[in-house]
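The structure appears below as structure tokens.
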Amino acid sequence: MTLYVVKRLLQFIPTIFCISLMMFVILNVLPGDATTMSGGMKRQLDAKTAENMKKQLGLDKPLHIRYLHYIKGLVKGDLGKSYLRSESVNDLIAQRLKPTIQVSLAALLIAVGFGIPLGFVSALKQGTWMDTLSMVGAVSGVSIPQFWLGLILMYVFSLLLGWLPPQGYGGGSLVNLIMPAFTLGVGYMALIARTTRAAVIEVLSEDYIRTARSKGLSEWIVNRRHVFGNTMILILTTVGLQFGSLVGQTVIIEKLFSWPGIGSLLVDSIFQRDIPVTQGCVLVIIGVFLIVNLVIDLMYVIIDPRIQYK
Amino acid sequence: MNILEIKNLKTQFHVLDGVAHAVNNVSLSMEKGEVLGVVGESGSGKSVTALSLMGLVRPPGRVVSGEILFDGTDLRTLSEKQMQDVRGNRISMIFQEPMTSLNPLLKIRDQISEMVMRHNSISKKDSYDYCVEMLGKVQIPYPEKRAKEYPHQLSGGMRQRIMIAMALSCNPEILIADEPTTALDVTIQAQVIDLMLNLKEQYDTGILMITHDLGVIAEIAQKVVVMYAGQVVETGTVYEIFDNPKHPYTKALLDSVPKLGKRSKAERKRLREIKGIVPDLFTLGAHCNFYERCPDADEACKRIIPDLIEYENGSSVRCIKFQGRNA
Ligand SMILES: Nc1ncnc2c1ncn2[C@@H]1O[C@H](COP(=O)(O)OP(=O)(O)OP(=O)(O)O)[C@@H](O)[C@H]1O
Ligand code: SF4
Ligand SMILES: [Mg+2]
């Protein structure tokens with residue numbers, strides 16, 4: 001098991017390497033660099049200043065030299081220096097990681113905490129008004145654009161009711177977390193609810209559920225002891241993969257709610273052509289994705305005796 | 001005394017194509033400690049009859065009418081809660097599919113002990129010990145070790161034995177065995193049958209043995225019920241059914257079984273499946289269900305739905321051509 005984990009972690013290295021190469025090439029051949037773009041606008045610098053800036057940032061050197069330099073740092077865990085800010089990319093990311101993790105985990109909690117029970121109720125009360133209601137909710141949840149939902153929430157709860165602060169981190173206070181986490185989690189919750197419903201219905205038709213009933217167990221015990229675990233196995237992959245892409249979606253949410261996380265840092269860095277920061281952010285998001293996947297595979301080992309990793 | 005008496009049981013499945021009359025007016029009875037064989041082609045309603053008896057028919061299926069008298073009480077009048085006290089405890093069932101009938105996530109001993117603990121006041125530890133004892137009784141080697149394993153670690157034959165151990169663990173009065181051997185290979189089949197017979201002697205459990213396999217019936221049953229298209233077409237003692245079948249369907253069924261000493265080429269040609277197909281359960285006509293395939297059919301059979309006529313205590317036939325015992 002430990003060996004397996006070590007092996008999986010080692011496999012991260014080529015993945016990270018490939019992604020960094022791809023990203024480096026794409027970002028560096030895109031038209032415009034830090035000397036010509038700022039905040040998505042054309043930058044008017046005179047030729048002399050621009051030339052100096054390029055030299056200072058090392059942008060005058062050929063691409064492969066720049067990449068080698070970058071990869072050298074990466075091996076040591078150094079993500080480079082921001083073109084425009086005084087901090088190193090490592091420091092920038094260190095500051096921004098916590099808010100992103102907070103809002104992602106809160107969204108996960110909301111999605112799992114409501115999505116799974118909703119899916120269960122819906123499947124067990126299949127065809128009743130409760131089922132219809134939750135599935136209509138789930139379909140709307142998946143279809144609502146996050147940006148729009150965020151704006152509506154902000155309008156209602158901040159502007160009209162004044163219950164929640166519209167934007168900002170607020171030093172990490174709970175009231176600030178509620179809206180971004182909810183906006184981020186709603187689509188995810190809806191997806192989990194639908195997946196859970198389908199999984200429960202599938203499990204209920206299994207022969208071993210009929211066996212469980214034939215033992216004289218009550219419906220409640222059958223659901224708790226036999227339906228639940230087998231349902232979890234069916235939904236675990238969806239829950240996990242979606243969590244990975246949720247971390248990617250923080251980009252939109254953080255910008256909307258001025259949430260000082262990796263996502264908003266990423267957006268800013270792209271607009272400013274601050275390539276090292278962009279690369280750092282993407283690598284961190286990918287890293288989270290890889291780790292989440294590993295955690296899911298390990299969770300399978302815990303709940304499913306048929307799966308063993310060596 | 002009859003421990004079980006099913007009267008005019010009707011179970012239907014309401015699906016998109018219409019209503020499937022899976023069990024259509026089935027009546028049968030079983031004495032205490034007796035082995036009652038139920039035979040019939042695939043789709044004749046054997047499993048659905050068993051599930052109806054267990055109260056385990058799920059939507060889109062529904063038991064529509066009839067009585068299921070078990071030890072004098074009609075199971076259909078019991079509440080779900082009361083029925084749970086019967087299930088597994090007084091009537092238990094072994095299912096047709098040994099590979100998928102155990103929960104893949106739970107250890108064998110937990111799957112057996114949850115049933116034992118449900119119906120008896122017994123501690124978890126004692127129920128584990130009892131589970132090992134039961135596994136030994138169904139001749140599972142190294143029962144202590146196997147009890148702690150998961151279903152995927154066991155072969156099909158072993159899983160079926162575990163199902164038997166489980167089904168017998170609360171000393172039921174009736175054990176329903178739905179094709180307990182079909183999914184197993186031949187040598188294991190014989191072992192499983194032997195085992196069930198031994199256990200039956202030991203516990204005096206009545207067995208409702210559902211099977212396609214007339215050999216199995218001949219070996220262990222005292223009485224036989226022959227089903228066709230959701231109906232009982234003939235009942236009788238095992239001797240009557242094998243030596244002197246009355247219903248054309250029963251005759252055809254017996255004809256389709258190879259007989260020792262009759263392995264000549266000509267005989268082999270006669271050894272065949274019964275011609276034609278089982279009628280569509282959605283559109284049963286207003287005539288004898290076997291009409292299309294019956295070698296003895298004539299015009300009269302087309303106009304009438306034959307009743308199941310009891311010609312002798314416990315023996316009956318559903319065919320208008322049958323006039324009485326010596327006709
Ligand atoms: N879940 C279901 N949904 C719809 N129809 C069903 C269902 N289960 C059974 N039926 C109907 O009931 C009929 C009888 O099925 P049953 O399983 O009792 O047959 P059987 O005699 O046990 O056959 P086999 O020997 O193949 O097990 C089937 O042909 C089918 O039309
Ligand atoms: S009633 Fe007629 S068709 Fe039906 S089994 Fe008897 S002889 Fe055959
Ligand atoms: Mg069957």
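Laid out as a table, the results:
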{"quantity": "Candidate set from segment B:275-289 (those that are away from ligand 1 (no atom under 14 Å from the Cβ) and closer than 16 Å to B:P248 by Cα); member that is modelled with the highest pLDDT", "calculated": "B:C288"}
{"quantity": "Selection status of B:T181, within 11 Å of another protein chain (Cβ to nearest Cβ), free of Cβ contacts under 8 Å to residues at least 40 places away in the same chain, hydroxyl-bearing (S, T, Y) and part of a loop (DSSP other than H, G, I, E, B)", "calculated": "no"}
{"quantity": "Test for A:V251: is it within 21 Å of B:E80 (Cα to Cα) and either crowded, with 18+ Cβ neighbours inside 10 Å or of a type in the set (K, R) (or both)", "calculated": "no"}
{"quantity": "Test for B:I162: is it within 16 Å of ligand 1 (Cβ to nearest atom), at pLDDT 90 or above and within 14 Å of chain A (Cβ to nearest Cβ)", "calculated": "no"}
{"quantity": "Helices (runs of 4 or more DSSP H) fully within segment A:77-193 counting 3 or more residues that are over 24 Å from A:L266 (Cα atoms) and modelled with pLDDT of 85 or more", "calculated": "A:89-124, A:129-143"}
{"quantity": "Residues that are touching a residue at least 60 places away in the same chain (Cβ under 8 Å) and β-branched (V, I, T), drawn from segment A:250-271", "calculated": "A:T250, A:I252, A:I253, A:I262"}
{"quantity": "All positions within segment B:1-45 that are farther than 18 Å from B:D178 by Cα and within 16 Å of ligand 2 (Cβ to nearest atom)", "calculated": "B:N24, B:N25"}
{"quantity": "Given (1) assigned to a helix (DSSP H, G or I); (2) within 14 Å of chain B (Cβ to nearest Cβ); (3) touching a strand residue (DSSP E or B) at 6+ places or on another chain (Cβ under 9 Å), number of the condition A:P276 does not satisfy", "calculated": "(2)"}
{"quantity": "Selection from segment B:195-250 of residues that are hydroxyl-bearing (S, T, Y) and within 16 Å of ligand 2 (Cβ to nearest atom)", "calculated": "B:Y228, B:T235, B:Y249, B:T250"}
{"quantity": "Helices (runs of 4 or more DSSP H) within segment B:25-136 that include 1 or more residues out of contact with any helix residue (DSSP H, G or I) (no Cβ under 9 Å at 6 or more places or on another chain)", "calculated": "B:46-54, B:80-86"}
{"quantity": "Sole residue being more than 16 Å from ligand 1 (Cβ to nearest atom) and at pLDDT below 95, chosen from B:G61, B:G18, B:G33", "calculated": "B:G33"}
{"quantity": "Unique residue being more than 14 Å from chain A (Cβ to nearest Cβ), on the phi < 0 side of the Ramachandran plot and among the small types (G, A, S) when the list is B:G61, B:G18, B:G37", "calculated": "B:G37"}
{"quantity": "Filtered residue count, segment B:97-106, keeping only those that are buried (at least 19 other Cβ atoms within 10 Å of the Cβ) and more than 8 Å from every other protein chain (Cβ to nearest Cβ)", "calculated": "1"}
{"quantity": "Among residues of segment A:199-224, those that are within 9 Å of chain B (Cβ to nearest Cβ), part of a helix (DSSP H, G or I) and in contact with a helix residue (DSSP H, G or I) (Cβ under 7 Å, 6 or more places away or on another chain), counted", "calculated": "6"}
{"quantity": "Close pairs from segment B:68-94: first at positive phi and within 9 Å of chain A (Cβ to nearest Cβ), partner of a type in the set (D, E, K, R) and buried (at least 21 other Cβ atoms within 10 Å of the Cβ), Cβ under 7 Å, at least 6 apart", "calculated": "B:G88/A:K215"}
{"quantity": "Selection status of A:S205, of a type in the set (S, T, Y) and under 30 Å from B:L175 (Cα atoms)", "calculated": "yes"}
{"quantity": "Members of segment B:107-146 that are away from every other protein chain (no Cβ under 14 Å), in contact (Cβ under 8 Å) with a residue 40 or more places away in the chain and more than 20 Å from B:T181 (Cβ to Cβ)", "calculated": "none"}
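Here's the yes/no breakdown for (1) within 14 Å of the chain's Cα centre (by Cα); (2) crowded, with 19+ Cβ neighbours inside 10 Å; (3) more than 16 Å from ligand 1 (Cβ to nearest atom); (4) at positive phi:
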residue: B:D185; (1), (2), (3), (4): no, no, yes, no
residue: B:N198; (1), (2), (3), (4): no, no, yes, no
residue: B:Q202; (1), (2), (3), (4): no, no, yes, no
residue: B:V224; (1), (2), (3), (4): yes, yes, no, no
residue: B:M227; (1), (2), (3), (4): yes, yes, no, no
residue: B:G230; (1), (2), (3), (4): yes, yes, no, yes
residue: B:V233; (1), (2), (3), (4): no, yes, no, no
residue: B:I241; (1), (2), (3), (4): no, yes, yes, no
residue: B:H247; (1), (2), (3), (4): no, yes, yes, no
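The values are calculated or read from the model by the stated rules, or taken from the named source; none is laboratory data. Here the structure is a predicted model, which means the values were calculated and not measured. Here the Cβ is made from the backbone with ideal geometry for all residues, glycine too, and neighbour counts use every protein chain on show.
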